[in-house]
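Accompanying notes for the structure given below.
The values are calculated or read from the model by the stated rules, or taken from the named source; none is laboratory data. The shown structure was predicted, so the numbers you read here are calculated from the model rather than taken from an experiment. All Cβ positions, glycine included, derive from the backbone under ideal geometry; neighbour counts span all protein chains shown. We work out accessible area using only protein heavy atoms, side chains counted, and drop any ligands, DNA or RNA first. Shrake-Rupley method; radii C 1.70, N 1.55, O 1.52, S 1.80 Å.
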Amino acid sequence: MTDLANPPTSTSAEVSGVTAGPTGQSRSGMTADALRAAVSDHLLYSIARPPAVLTPEHYYRALSLAVRDRMQKRWMATTQDWLDRSAKVTCYLSAEFLMGPQLGNNLLNLGIEDEARTALAGLGQDLDVILDCEGEPGLGNGGLGRLAACYLDSLATLERPSIGYGIRYEFGIFSQEIVDGWQVEKTDNWLVRGNPWEIDKPDASYLVSWGGHTEAYEDVTGRLRVRWVPQRVFQGVSYDTPVQGYGVNTCNTLTLWSARAVESFALEAFNTGDFYRAVDEEVVSETVSKVLYPNDEPEAGKRLRLLQQYFFVTCSLQDVLNIHTQRAGLPLSALPDKWAIQLNDTHPSIAVAELMRLLIDDHQLPWEQAWNLTVRTFGYTNHTLLPEALETWPLAMFSEALPRHLELIYEINDRFLEEVRARFPGDEERVARMSLIGEDGGRSVRMAHLATVGSHAVNGVAALHSELLKSSVLKDFYEMWPQRFGNVTNGVTPRRFLALSNPGLRGLLDQTIGTGWLTDLERLHGLESFVDDPAFRQRWRDVKRVNKSRLAEFIHSATGIECSPAWMFDVQVKRIHEYKRQHLMALHIITLYHRLKTSPGLTVPPRVFLFGGKAAPGYFVAKRIIKLITAVGETINADPDVNRCLKVVFLPNFNVKNAHLVYPAADLSEQISTAGKEASGTGNMKFMINGAVTIGTLDGANVEIRREAGAENFFLFGLTEGEVERVKADGYRPLNHVESDAELAAVLELIARGEFTGGDPEVLRPIVDNLIHHDPFLALADYRSYVDCQEQVSRAWLDSDAWSRMSILNTARSGMFSSDRAIAEYCDDIWGVGPMPVAF
Ligand code: 26Q
């Protein structure tokens, strides 16, 4: 590993009373003095404000620019190196990258945190205050987008050549406010304050076509070809962000595309005097990358969503082909040897048809060769089994938008179904099931099928999920190509989710087992020999206590609610969705409330129940679930009968930035989805690494978390996936559970009679009705098992030494959940991308 700290060859120019000039050490020096000079420089030359008006925000931008400067040479050297050495590169195509705040992470990865702190102190500033100025680019919904960001961090840290490709949404995920207990969405105008990390490359742009029709023509050699005559053309311009690896020189690239009008087209209208049409076209073009769609948004702007997907995919593939053929000067036949392109779910899966189009229409390759290259280049990661979440596009819309791609998909389909018929003669039902074109409920293009057929590797994101993929949604495909299917259990980066966000634990780990865990998380096993050491357990608790105080302060400032760090922090943070069952956790809270109200002498170990997460704006039930939580919270927090041992908090606007405060402060991690519904979960891993104990179902990666932690260090409840399917097949009747469980009946009755809504029974009626009559995710079926399991949790909490043991062992055994492990598996098993240390 290369030492990043390059001491400057001369001391800072500040010595002579002036700041360092715009070149030289002020751009690359890694000492505190050099950084201080650089910040001063940027305050003058980039921020351009007189000293009298400087705010922490200005210092934030100046420091960020100084830090970006320090990555610049590494960044260029990294790209140059893989070009020179003709290395194989991973392209991670993802509609979402939820990067989180960048400054702290870049300081950590460059190894200059202390230097930056000293530099700022020299300028009269506190680094923590400056770090807190940073907003976050909310360019993702949740798990899938954050996973992409963790993977970029690991790719760079493992020195793997890679590019992340995505969309530079002008508005990220909405920001959430809670007003009268309801979610209110505010647009997230994250770019208004500028983005010091990106470099726009207006010269690096690609044309994007849309709509129109196709024409057949004969080329000069007399071959029949197809030409796409689009209705509209606009362009994508790239914005590049450096992705610095930890403790290495590798600095990879995240390229995000922004949509623009093509000047020449708009000019044509302008020249003919139609100024407003020219402006209009510009506005329409720029709409494409305007806003990130929330998941679970029923039918919202579907057309624009397809346009977004095609937009970033074509720009990315054109960029790859451009680098491959122009900059590297390689033949197209070498494409799969030099590029591994991973599809992060089906969102970029139009890439299969688009690469075929580029190779056949633009590069004149014959079909067979184009298809061979395509399949060998792509891999597909599936992130969901929920049938309603599998992407399909209505055929009529698809053919209007991408007529040439539909032709290509028909051709892919014909050839593919011929193969199916050859393998399974006479099985026309199978053929219909596997077709890329769905016939059910209006014809549609099935994107998961396209991605599977067009990739040489298909994986799920946790062991259970990958098994279920093979036995359910992609069963037919597994039977056809068993060797294509594999599993890569998700992981999270220990740099951000431990070192950066849990400085107390980081310090304790460094002192106890050394610093090697940052790049080899399995070394956390070294903690196991300390579990029996009472002094160590006490230090462990002290760290947690400080983290809880930090979070309590934040909760107080955000909500006005006071929480004692002595209480158990019982946390569920994730997107609000019925399958994740936040309402099941609410039912447990109401159960305790009911018990305390009906048995006044009762004591329960004091707990803070903490929720955080956004509901898709159009998801009615999810929004009512937020209301349920806030209503129960208002009642409980104000009632002296119960608030002596229960508090309920809904933390508004859960995002990466405040997640940094949440995971390190949790005692209990709630992972309570209906078995078989959560593909993996990654929050579950962030909690575990930070020493929270999990209460959970056998779902997603919980299965592996429990296996690693040991069953005695995990609170298990609920139906298994197989049992869930059986209950449903037998005709699930949720009312049976109400009729046979008096406590459950009483709890539902409290909600129904308006106990938490000032006597108004209407507000939460939809939730009660939904549970009693439908309960699609079996919350009532798991209620008793969950509540009883929570009793065990409460008992375990009372023995603080035993609890600390569980907590320590969870961290100690969390090594496999590092994204470094996951990325190493992708590189070895799917991409064939090896390490390429960058000389610098
Ligand atoms: C689709 C069509 C239209 C608009 C939006 C979408 C859309 C956007 C985002 C659909 C889904 C998503 C995000 C899905 C997601 O985050 N899935 C989660 O991925 C994690 C990483 O693998 C897993 O850990 C979670 O289990 C899974 O739910």
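Structure data summary
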quantity: Modelled FRET efficiency - R0 60 Å, Ser740 with Arg193, Cβ distances, 0.05 increments; calculated: 0.60
quantity: Range of Cα positions in region 161-267 per principal axis (Å), largest first; calculated: 66, 46, 27
quantity: Segment Ala48-Glu215, length gained on full extension (0.36 nm per residue, minus Cα span); calculated: 54.6 nm
quantity: Listed peptides 352-359, 823-830 by packing density, highest first (mean Cβ within 10 Å); calculated: 352-359, 823-830
quantity: Sequence of His347, His556 from largest to smallest accessible area, 1.4 Å probe; calculated: His556, His347
quantity: The chain, Rg to Rh (Cα coordinates; Rh as Kirkwood inverse mean 1/r); calculated: 0.97
quantity: Heavy-atom surface of region 752-840, accessible at 1.4 Å and reported per residue (Å²); calculated: 37 Å²
quantity: Simple spin-label estimate for Met76 and Glu553 in nanometres, 7 Å along Cα-Cβ; calculated: 4.2 nm
quantity: Carbon plus sulfur fraction of accessible area for the chain, probe 1.4 Å, in percent; calculated: 52 percent
quantity: Length added when fully stretched, Phe424-Glu479, from 0.36 nm per residue minus Cα-Cα; calculated: 18.8 nm
quantity: Helix-only mean residue ellipticity at 222 nm for the chain, each DSSP H run of n ≥ 4 adding -39500 (n - 2.57), per residue, nearest 500; calculated: -13500 deg cm²/dmol
quantity: With 10 Å bins from 0: P(r) over region 218-373, alpha-carbon pairs, percent; calculated: 9, 29, 33, 23, 6, 1
quantity: Approximate spin-label separation Asp520-Glu57, in nm, with each point projected 7 Å along Cα-to-Cβ; calculated: 4.6 nm
quantity: Karplus (6.51, -1.76, 1.60) ³J(HN,Hα), θ = phi - 60°, over region 551-565, in Hz, Gly and Pro reported as x; calculated: 5, 4, 4, 5, 4, 4, 5, 7, 10, x, 8, 8, 10, 8, x
quantity: Gyration tensor verdict on region 638-790 (Cα atoms; rounded if a/c is under 1.5, prolate if a/b is larger than b/c, oblate otherwise); calculated: oblate
quantity: Extension gain, Glu263 back to Cys645 (0.36 nm per residue minus Cα-Cα distance, nm); calculated: 131.1 nm
quantity: Region 34-128 - Kirkwood radius from inverse mean 1/r over Cα pairs (Å); calculated: 15.2 Å
quantity: Under 5 Å, built H, 5+ apart or other chain: amide partners of Val208; calculated: Phe234, Gln235, Gly236
quantity: Accessible area expressed per residue, region 127-203, with surrounding protein chains retained (probe 1.4 Å, Å²); calculated: 34 Å²
quantity: Pairs beyond 29 Å (Cα-Cα), from Lys186/Lys686; Lys548/Lys574; Lys186/Lys627; Lys686/Lys728; Lys338/Lys475; Lys201/Lys338; calculated: Lys686/Lys728; Lys338/Lys475
quantity: Note, ³J(HN,Hα) from phi for region 71-77, Karplus 6.51, -1.76, 1.60, rounded to Hz, x at Gly and Pro; calculated: 9, 4, 5, 4, 4, 5, 5
quantity: Förster-model FRET efficiency, 25 Å R0, Ala839 and Leu330, C-beta, rounded to 0.05; calculated: 0.65
quantity: Label-reachable residues, region 323-339, where backbone N falls under 13 Å from a point 7 Å from Leu207's Cα toward its Cβ; calculated: none
quantity: Accessible area (Å², per residue) of region 445-529, counting only protein heavy atoms and a probe of 1.4 Å; calculated: 29 Å²
quantity: Prolate/oblate/rounded label for region 104-186 (Cα gyration tensor, a/c 1.5); calculated: oblate
quantity: All Cα pairs of region 631-721, percent lying beyond 19 Å; calculated: 50 percent
quantity: Euclidean distance of C-alpha centroids, region 598-623 and region 463-537, integer Å; calculated: 28 Å
quantity: Mean separation of Cα contacts under 8 Å (6+ apart) over length of the chain, as relative contact order %; calculated: 13 percent
quantity: Neighbour cut-off at most 14 other Cβ (10 Å), DSSP loop, trypsin sites (Lys or Arg not before Pro), region 388-442; calculated: none
quantity: Pairwise FRET efficiency - Glu749 versus Glu388, Cβ, R0 = 30 Å, nearest 0.05; calculated: 0.45
